[in-house]
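One structure is given here, and the rest of the page talks about it.
Rule-based calculations on the coordinates, nothing more; no lab input. Model, not experiment: these values are computed from the prediction. Methodologically, a virtual Cβ is constructed for each residue, glycine included, from the backbone with ideal geometry; neighbour enumeration extends over all protein chains shown.
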Amino acid sequence: MALTESRMAHLGSPCPDFHLPGTEGRSWRRDDFQEAALLLVVMCNHCPYVQAVDDRINALAKDFKGKCAVVGINPNDAQAYPEDSFEAMQERARRKGYVFPYLRDEAQDLARGLGALCTPDFFLFDQDRKLVYRGRLDDNWKQPESVTRQDLRRALTSLLEGRSVDPEQRPSLGCSIKWKT
């Protein structure tokens, strides 16, 4: 698998609207989330980069519950990658104990609207649903004990404390999104 770097989407871009099914049995819209921040995580089941950080994503969701809505989005072509099917997503969310909605982007419209290129790919929006951060989770996807810079956590803390989010942001790295042909 080739390592793909995320595209650095334009800060200030609006969050695309969406209406997607979640693994817990309900559909979600962008405006269902009223928290001060909205973090969309483009992710999937089979990517080793996601597998290496999904516990950290879940911990972030727990730490910022009520302040930031964390939402997982899986756009991968489940026909070509059955391990990314909706049923497999439901099983993974249960097994991993996700505390955030894990949504299926079957049409891949939300991923395209975000400009996502890889899994994981992180998009943080403020209260007005304008993009304030896009990039990596931290500086060591493979070894959590070796992380020295928690980029996303720092951006989220700055946002929630009313400070400017550092515009110097590093792209996320991961598997390419499996687009339908």
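Worth pointing out:
- Cα-centred dipole magnitude for the chain, charges only on beta-carbon of K, R (+1) and D, E (-1), debye, nearest 20: 140
- Among the listed pairs Lys130/Lys178; Lys65/Lys142; Lys96/Lys142; Lys67/Lys130, those whose Cα-Cα separation exceeds 20 Å are Lys130/Lys178; Lys65/Lys142.
- Peptides 114-124, 20-30 ordered by average Cβ neighbours within 10 Å, highest first: 114-124, 20-30
- Tail weight of P(r) past 14 Å, computed on alpha-carbon pairs of the range 87-131, percent: 64
- Spatial separation of Cα centroids for the range 54-93 and the range 109-158, in angstrom: 14
- Inverse mean reciprocal Cα-Cα distance (Kirkwood Rh) of the chain, Å: 16.0
- Straight-distance crosslink candidates among aspartates and glutamates, where the alpha carbon sits under 13 Å from Lys62 and sequence neighbours closer than 8 are dropped: Asp54
- Applying both filters, DSSP loop and at most 10 other Cβ atoms within 10 Å, to the trypsin sites (Lys or Arg not before Pro) of the range 60-167 gives Lys142, Arg163.
- Amide hydrogen proximity for Tyr133: with H placed 1.01 Å from N in the peptide plane, the residues at 5 or more positions away or on another chain lying under 5 Å are Leu124.
- Expressed as a fraction of 2.2 N^0.38 Å, the C-alpha radius of gyration for the range 110-181 is 1.19.
- Given charges at Cβ of Lys, Arg, Asp, Glu: the range 11-169 dipole, positive-most of Gly115, Gly162, Trp28: Gly162
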